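> Provided herewith is a single structure, encoded as structure tokens, for subsequent inquiry.
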Amino acid sequence: MMMRDQDFGVVRLRAFGTYDFRIVEAAKFLREVAGTDQNFRLDEFADTMRSRIVSVFTEALARAGVPALDVAQRYAELGDALLPLVNPAMRGKYGLEITSFVLENVSVPAEVEQAIDKRSSMGVIGNLNDYVKYQMGLALGQGGEAGAAATLPAQMAMGFGMAQEMVRGMQGGATASTPAAPAASSAPPPAAAGLDVLTPEQAAQGLGVSVEDVMASIHAGELKARKIGSAWRIARPSLEEFLRG
């Protein structure tokens, strides 16, 4: 059956369940069902029942406004909500009454499952980024200004490296790991003692991006920096502001 979902748009669901019914108006049942077919079999009538139930169940889901991701948590509620909707039609048409309806499982197509998995992964990645920024903010406020400026690149590299490792772990080896970049021939110069400043090279190393990316952010006005002669310097508060977005 098809339903409109607020997260995924139009989604196709497949529901499985069981139901019990009884005859409440024998004359109507014989006239409408058994009386028109001398070779009447109950398993043949089950197809008609299933079609009617699917139609009413789709209507019940639409009225309830239950998202596809929450259907599994509301099996009992949906089963109870279905009875007062389907019984008037069954009684009026066939003289039957459904006494119980048990929803056992609702599944979605494989492509929808993949979309759900990707959305969950992106949510975790976003939380990791917030966590890394929070840890970096704590580190910046400890150890004195000179010590914080000197250790900032290493702290940033460690935090983003941890996030990348966790993301690769979630992917479960679906793709080949990207080989590590070879070590640079020389490390960028350390920040001057007692100054809360970084070079673009140090900021790039800590953020795990290229120097060109850092310079592009500077020229775009996203990252505040000051040019001294031919060199650029980035103040620690400016970098904090940039990371906070």
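> What's the FRET efficiency of R91 with F16 using the Cβ-Cβ distance as r and R₀ = 22 Å, to the nearest 0.05?
0.35
> I've got another one for you. Going by how many other beta carbons lie within 10 Å of each one, how would you line up S230, S100, fewest first?
S230, S100
Quick note: the coordinates plus some simple rules give every number you see, no bench work behind them. Because the structure is predicted, anything quoted here is derived from the model rather than measured. A quick note on method: Cβ atoms are made from the backbone with ideal geometry, for glycine too, and the neighbour counts reach across all protein chains shown.
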